[in-house]
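The block underneath contains the structure these notes are about, expressed in structure tokens.
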Amino acid sequence: MIKNIARVFSALSLALVPLLSAPAAQAAPAPEVTTLADAVGLVKVVEEDRTGYTRTKFKHWNSGDDSSDGCNTRNEVLLAEAVVAPTVEAGCKLTGGTWRSYYDGQEVSSAGSLDIDHMVPLAEAWDSGASAWSASRREAYANDQGAAVSLVAVTARTNRSKSDQDPADWMPPSPEAQCRYVGEWVSTKLRWGLTADDRELEALKVYAEGPCEDTIVRYTPAA
């Protein structure tokens, strides 16, 4: 009887060893949180160079964060940002739904009227360091849903007005959107380790030291 009890305890001990020795699951890294002025100070200044850029060097839209849902990155962003959820039909066709384009404050009720804007445009990213990245890292950048600010659904009109310009040359037409925009621009640059040129940095400083001095920037460096 005593030997049987000993065997039971021995078996339990052996069963517990993997549980006790298994490494704990890694928690997601906490975001960096700082003022806009301090965040701007973290962006390195480097002269921009667009040599060799083509949009095709940033593969998008890929199968998105969930390759089993039948939706590409564009549609996954639309689903995530909808104020009123659309109906998802076969092939991830979206019908109905409502979105708010924060660049211009417009309410949109057709997914086809929206563009998914790269907060820092692909050409600007190339100029600012992405030219040295691998193709897979550029694809990850172009489809980044790991940060809510990297991709944003906005009216096609405002996205095409912005084109590949930085804040020295373009800002959202809605004044209420501008501090949010500058904060998200800087957040994206820091997340991906991108640089800025002199004119861009000076423009960011004007907002950081003036109307947007209370803006808080949150970012998590991309893996």
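Packing-based ranking of 197-206, 88-97 yields 197-206, 88-97, ordered from highest to lowest mean Cβ neighbour count within 10 Å.
A protection proxy built from the mean count of other Cβ atoms within 10 Å ranks the segments 30-41, 152-163, most packed first, as 152-163, 30-41.
Charges were assigned to the Cβ only: +1 to each Lys and Arg, -1 to each Asp and Glu. The resulting dipole of the chain about its Cα centre is roughly 1160 debye.
Helical content alone sets the calculated 222 nm signal of the chain at -11000 deg cm²/dmol, taking -39,500 (n - 2.57) per DSSP H segment of four or more residues and averaging over every residue.
So what's the angle, to the nearest 10 degrees on a 0 to 90 scale, between helix 2-21 and the longest Cα principal axis of the chain? It is inclined by approximately 10 degrees. Once the chain from residue 49 to residue 198 is taken as fully extended at 0.36 nm per residue, the excess over their C-alpha distance is 52.3 nm. Here the 3J(HN,Hα) profile of region 186-202, calculated from phi with Karplus coefficients 6.51, -1.76 and 1.60 at θ = phi - 60°, is 5, 4, 5, 4, 6, 4, 9, x, 8, 9, 9, 8, 4, 5, 4, 4, 5 Hz, Gly and Pro shown as x.
Rounded to the nearest 20, the size of the Cβ-charge dipole of region 137-223 about its Cα centre is 380 debye, with Lys and Arg at +1 and Asp and Glu at -1. In a simple Cβ point-charge model (Lys, Arg +1; Asp, Glu -1; nothing else charged), region 102-179 has a dipole of about 180 debye relative to its Cα centre.
Excluding ligands, DNA and RNA, what is the solvent-accessible area per residue of the chain at a probe of 1.4 Å, expressed in Å²?
Using a 1.4 Å probe on heavy atoms only, each residue of the chain averages 55 Å².
Peptides 101-111, 208-218, 51-61 ranked from most to least packed, by the mean per-residue count of other Cβ atoms within 10 Å: 101-111, 208-218, 51-61. Of the residues 91, 186, 106, the one whose Cα sits farthest towards the positive end of the charge dipole of the chain is 91 (charges of +1 on Lys and Arg Cβ, -1 on Asp and Glu Cβ, taken about the Cα centre). Across the chain, the volume of the C-alpha convex hull divided among the residues equals 190 Å³ per residue. Extending 7 Å from Cα along the Cβ direction at residue 174 and again at residue 139 yields two label points whose distance is 3.5 nm. Amide H contacts under 5 Å for residue 59: 139, restricted to partners 5 or more places along the chain or on a different chain, H placed in the peptide plane at 1.01 Å from N.
Cross-link partners of residue 205 among lysines, defined as those whose alpha carbon lies under 17 angstrom from its own and excluding same-chain residues fewer than eight positions apart: 44, 189. Full extension of the chain segment joining residue 132 with residue 104 gains 6.7 nm, where the gain is 0.36 nm per residue of separation less the Cα-Cα distance. Could you work out what % of the accessible surface of region 125-220 is carbon and sulfur, using a 1.4 angstrom probe and leaving DNA, RNA and ligands out of the count? Ligands and nucleic acids excluded, carbon and sulfur give 46 percent.
With the alpha-carbon atoms of region 85-213 aligned to their principal axes, the span from lowest to highest coordinate is 47, 37, 22 Å, starting with the largest.
Between the listed residues 170, 128, 208, the Cα displaced farthest toward the positive end of the dipole of region 114-223, a dipole computed from Cβ unit charges relative to the Cα centre, is found at 128. Mean separation of Cα pairs under 8 Å and 6 or more residues apart, divided by the residue count, gives the chain a relative contact order of 29 percent.
The values are calculated or read from the model by the stated rules, or taken from the named source; none is laboratory data. Given the structure is predicted, the values throughout are model-derived calculations rather than measurements. All Cβ positions, even for glycine, are placed from backbone atoms using ideal geometry, and neighbour counts span all protein chains on display. Remember, those area values only see protein heavy atoms, side chains included, never the ligands or the DNA or RNA. Shrake-Rupley method; radii C 1.70, N 1.55, O 1.52, S 1.80 Å.
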